[in-house]
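Accompanying notes for the structure given below.
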Amino acid sequence: MSILTSTDACAAKAGSGMVTTWALSGSTTAYAGTLSTDGYKLTATATWVNPLAPASTVAGETIASGANTVQGTCVETLTSAGAVQAATITDNGNFALCHFLFYQYGTGDVVIVNAQTGTGHWGSSNYLTATQWGTAGSGIIGTTVNSSGGTAITAAAWGMVLSPAAATTTTKIVAGSKTWTWYQPTYASTYSSTVLRRYGGGYNNSTADQVKGYCVSQRSMLIAVNVKTGIVAAAAKVTLSGASALAAGAVAFGVAALAI
């Protein structure tokens, strides 16, 4: 499922955003682990292009060479009608889910900055509350994005796997696909605002939820205010579809699934 495409202007320039997809995968063998999941995995793939280091970024910032920088993709959950969901919603996906890469500002292959999830982690995937997300990303702040800018989806909680794998603090982020893969939570009829939620694909697409991607252009991790410039929505909304028949033999999602 395409969240941000090469035709989205905000993902067409290095440093401005990343082409990003989501894909759901299942297994014909029922999940037998200890996580609170029925075994389906979601993989977010971002196409990383070596960033530029212009005098002024898309976000309108001047960043010193080698300074800690973040760039990413955020996915806002909408209602089945395509509207922004209310902060009181408890039966839909997280208000936003963001995929961030952390690095030292520069050109070409840039050196990673550790994500809050661990040493050598070049990036993280975070789910955000309505307050953390704000209006169209207005809650995203450089100084907190790698600490309290949402809750990181971790290996311990949801089996998060990075590809390429975590490495060292001197490892460079080279051009190519970067993926985050994690288990989806078990369906619940209502969710707390502070937990990872499942996305609803509806049944026969009758009440399917919608999402909208956002480019989060590269910006300094030293600036303690939201820089709204450079947080740009995708041209199109994406409607999720049901996945009850995705993997015969696995626990069926029914109306609670996200699929491609």
Legend entry - Members of region 1-23 found to be modelled with pLDDT of 90 or more and in a loop (DSSP other than H, G, I, E, B), listed by number: THR5, SER6, THR7, ASP8, ALA14, GLY15, SER16, GLY17, MET18
Inset, instruction - Name every residue in region 124-176 that is in contact (Cβ under 8 Å) with a residue 60 or more places away in the chain, surrounded by 13 or more Cβ atoms within 10 Å (Cβ to Cβ) and not in a loop (DSSP other than H, G, I, E, B), in order of residue number. - result: SER125, TYR127, ALA130, ALA157, TRP158, LYS172, ILE173
Inset, instruction - Please state which of the following conditions ALA59 fails to meet, knowing it meets all the rest: (1) closer than 19 Å to GLY108 by Cβ; (2) more than 16 Å from the chain's Cα centre (by Cα). - result: (1)
Legend entry - In region 33-78, the residues that are in a loop (DSSP other than H, G, I, E, B), touching a strand residue (DSSP E or B) at 6+ places or on another chain (Cβ under 7 Å) and of a type in the set (S, T, N, Q): THR37, THR57
Inset, instruction - Please go through region 98-118 and pick out each residue that is in contact with a Leu (Cβ under 9 Å, 6 or more places away or on another chain) and more than 22 Å from VAL49 (Cβ to Cβ). - result: THR117
Legend entry - Residues of region 220-251 that turn out to be charged (D, E, K, R) and at pLDDT below 85, as a count: 1
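The values are calculated or read from the model by the stated rules, or taken from the named source; none is laboratory data. Predicted, not measured: the structure shown is a model, and the values here were computed from it. In this analysis, Cβ positions are derived from the backbone assuming ideal geometry, glycine residues included, and neighbour counts consider all displayed protein chains.
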